[in-house]
Amino acid sequence: MVADVVQGSLRALLWDVDGTLAETELDGHRVAFNRAFEQHGLPWHWDRGTYIKLLAISGGRERLHWFLSRQGAAAPAPELLEALHNAKQGHYRALVEAGEVRLRSGVRRLIEAAGAAGLRQAIVTTSGREAVAALLENQLRDQSQLLTPRICGEDVRAKKPDPEAYHLALQRLKLNPSQAVALEDSPAGLAAATAAGLPCLVTLSAATSQEPPAVYAAASGVVDGLGEAGAPVGVLHGPACARGLITLSYLEQLLPAP
């Protein structure tokens, strides 16, 4: 296979995590929250439809706080919020370690291609550092050194759709927005990336694929995955993908014209 070498202006890939690197939301975080509720003897259970609606709230802790605040007249006790969130984190790590949460098609291939081409790669996520580490340690152990810096939920005051995390990533990489492409799966992530001036490829996940197409109008491209041999990518918006794979050359096309 001919190496995918970038000869243009692309210098970095900025990776979202949940839904982009892996189908973590419905198969991981949702299940972990439900196990935390059960562990604490609580009657709640988030089905897939409920959780997809809750994803409009960025950040697991914020999502949990919003839900708890609507279960009674009083504000949720900080002790309960902390206990549930800590339990959820433990259940999530167990799910990842058990192989219940796997990388999406084409992710490892593209990370390795970018590394071989000398591109920088950063993690830019609203997820917590512990959850990110669990996924990288178990699913991208050999590639994790390529994914630095890592901007996580603890590093910013405002989470996506606020662009703070992307501004911070670009600052640490010492790059302009025109030199990088963000990879996202959600409307909030797209909004954060474009507000930071970045071209953004939306790779729709199980949790975001039912959104109206109009919410992704600002994306430089919208695809149903990154593609693997025998499983070509479907392009919903953006440049045609002749090889059936999202490559560095394809991402180069998403950069603004000089």
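Scanning segment 50-87 for residues that are over 22 Å from ASP185 (Cα atoms) and acidic (Asp, Glu) yields a total of 2.
Results for (1) under 30 Å from LEU10 (Cβ atoms); (2) in contact (Cβ under 8 Å) with a residue 60 or more places away in the chain; (3) hydrophobic (A, V, I, L, M, F, W, C); (4) in contact with an Asp or Glu (Cβ under 7 Å, 6 or more places away or on another chain), shown as yes or no for each residue.
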{"position": "ILE57", "(1), (2), (3), (4)": "no, no, yes, no"}
{"position": "GLU62", "(1), (2), (3), (4)": "no, yes, no, no"}
{"position": "GLY72", "(1), (2), (3), (4)": "no, no, no, no"}
{"position": "LEU81", "(1), (2), (3), (4)": "no, no, yes, no"}
{"position": "LEU84", "(1), (2), (3), (4)": "no, no, yes, no"}
{"position": "ALA87", "(1), (2), (3), (4)": "no, no, yes, no"}
{"position": "GLY90", "(1), (2), (3), (4)": "no, no, no, no"}
{"position": "VAL107", "(1), (2), (3), (4)": "yes, yes, yes, no"}
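Only one entry of PRO43, PRO76 meets the criterion of being touching a His at 6+ places or on another chain (Cβ under 7 Å) and without any contact (Cβ under 8 Å) to a residue 24 or more places away in the chain, and that entry is PRO76. Residues that are hydrophobic (A, V, I, L, M, F, W, C) and in contact with an Asp or Glu (Cβ under 8 Å, 6 or more places away or on another chain) within segment 221-234 comprise just one, VAL233.
Return the residues of segment 194-234 that are β-branched (Val, Ile, Thr) and closer than 17 Å to VAL181 by Cα; say none if nothing qualifies.
Listed by number, the residues that qualify are THR194, VAL202, THR203, VAL222, VAL223.
Please tell me if ARG30 is free of Cβ contacts under 8 Å to residues at least 40 places away in the same chain, under 28 Å from LEU201 (Cβ atoms) and in contact with a Leu (Cβ under 6 Å, 6 or more places away or on another chain). Taking the combined requirement at face value, the residue does not satisfy it.
With respect to the conditions (1) part of a loop (DSSP other than H, G, I, E, B); (2) surrounded by 14 or more Cβ atoms within 10 Å (Cβ to Cβ); (3) touching an Asp or Glu at 6+ places or on another chain (Cβ under 6 Å), GLY8 lacks only one, and its number is (2). Residues that are over 14 Å from the mean Cα position of the chain (by Cα) and assigned to a helix (DSSP H, G or I) were ranked within segment 135-147; the one that is surrounded by the fewest Cβ atoms within 10 Å (Cβ to Cβ) is GLN145.
Every number in this text was worked out from the coordinates using simple rules, so none of it is lab data. Note that the coordinates shown come from a computational prediction; the quantities given were computed from them, not determined experimentally. Virtual Cβ from ideal backbone geometry, glycine too; neighbours counted across all protein chains shown.
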